[in-house]
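Worksheet for the structure shown next.
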Amino acid sequence: MELDLLSIAAHPDDTELTCGGTIIKMAEAGYKVGLLDLTAGESGTRGSAAQREKEAAKASRVMGIAHRENLGLPDAAIENVRDYKLRLAQKIRDLRPRTVILPYWEGRHPDHYTTGRLGYEACFLAGLAKLPLEGRPHRPYKIIYASFYVPAVRPTFVVDITAQLGKKLKAILCYSSQFSPRQDLQNLFPARADLRERVGSLARHFGLMVGVRYGEPFVTREVAAVDDIVAMPVRSI
Ligand SMILES: [Zn+2]
């Protein structure tokens, strides 16, 4: 398989929440888009692994992606160890993505930031010829980090998802086990009714940064190149 874009995330529903609009936009543009969830989310407070698998399949159909699979690592126990790195590197060789989306490398949940680091190292290892892996070496050309979960981080760029926000919300709502019927005190499992406002207001915040209605933020470690400074988007004053 030769994917144009692969999103690697710790739990089913992470990609939908952090960069689902961008995933949908790229699928709509005709790119071959895949998702790789590292765990089945079986340690989550709500929902069994089997339930979340069904929900993920439903969300995939909403997003229109070409491929999705689960690496089966233990939930709430993702560690940056060689075994996991090699398993992930093998998947990267199998799927051969041009661009990879990883979770931002810092955050509240250890699985999220560990996936960011593990993912980067696996992308590197996938390109080494002499490792005990099958298939031809492959290294993604581009790695970008989804930072929707860490709004304090200033994004490198924002993708306009104004036209995709409705579908993004629809995909998130496929994970019905993750939403409480009413507001809970810790605020970790938003009530269904609150979700639209939460996701929408964050997307609005990022959209404002680039002069569009709704946006999703990303960070890159490298600098972006510009060819035409006359046609550059995003108003300065
Ligand atoms: Zn998660």
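Coordinate-derived values only; no laboratory data. On a predicted model such as this, the values are computed, not experimentally measured, just so you know. Ideal geometry is used to build each Cβ from the backbone, glycine not excepted, and the neighbour counts take in all protein chains shown.
General remarks:
- With a Förster radius of 30 Å applied to the C-beta separation of VAL223 and GLU134, the computed FRET efficiency comes to 0.30.
- Net charge in the neighbourhood of ALA59 (other residues with Cβ under 13 Å of its Cβ; Lys, Arg +1, Asp, Glu -1) is +2.
- Evaluating 6.51 cos²θ - 1.76 cosθ + 1.60 at θ = phi - 60° for every residue in region 154-167, the Karplus couplings come out as 6, x, 6, 8, 10, 9, 6, 10, 3, 6, 10, 4, x, 5 Hz, glycine and proline recorded as x.
- As a rough footprinting exposure proxy, the listed residues VAL226, VAL158 were ranked by other beta carbons within 10 Å of their own, and the order from fewest upward is VAL226, VAL158.
- Net charge over other residues, Cβ less than 13 angstrom from the Cβ of GLY107 (K, R count +1; D, E count -1): -1
- Computed helical MRE - 222 nm, the chain, DSSP H runs ≥ 4 contributing -39500 (n - 2.57), nearest 500: -12000 deg cm²/dmol
- Sorting the Cα pairs of region 19-59 by distance into bins of 10 Å, from 0 upward, gives 25, 42, 27, 5 percent per bin.
- Rounded to whole numbers, the Karplus 3J(HN,Hα) couplings from phi for region 60-77 are 4, 5, 4, 7, x, 7, 8, 7, 8, 8, 10, 7, x, 6, x, 5, 6, 9 Hz, using 6.51 cos²θ - 1.76 cosθ + 1.60 with θ = phi - 60°, and x at Gly and Pro.
- Share antiparallel - DSSP beta bridges, region 5-219, percent rounded to 5: 25 percent
- Between ALA29, ALA163, ALA77, the residue with the greatest mean-square fluctuation in the GNM of the chain (Cα pairs under 10 Å linked by springs) is ALA29.
- Computed on the Cα atoms alone, the convex hull of the chain gives a volume of 129 cubic angstrom per residue.
- Every Cα-Cα pair in region 1-80 was counted, and those over 16 Å apart are 47% of them.
- Each label was represented as a point 7 Å from its Cα along the Cα-to-Cβ direction; for SER201 and THR156 these points are 3.0 nm apart.
- Residue ranges 10-19, 227-236, 35-44 sort as 10-19, 35-44, 227-236 when ordered by packing (mean number of other C-beta atoms within 10 Å per residue, highest first).
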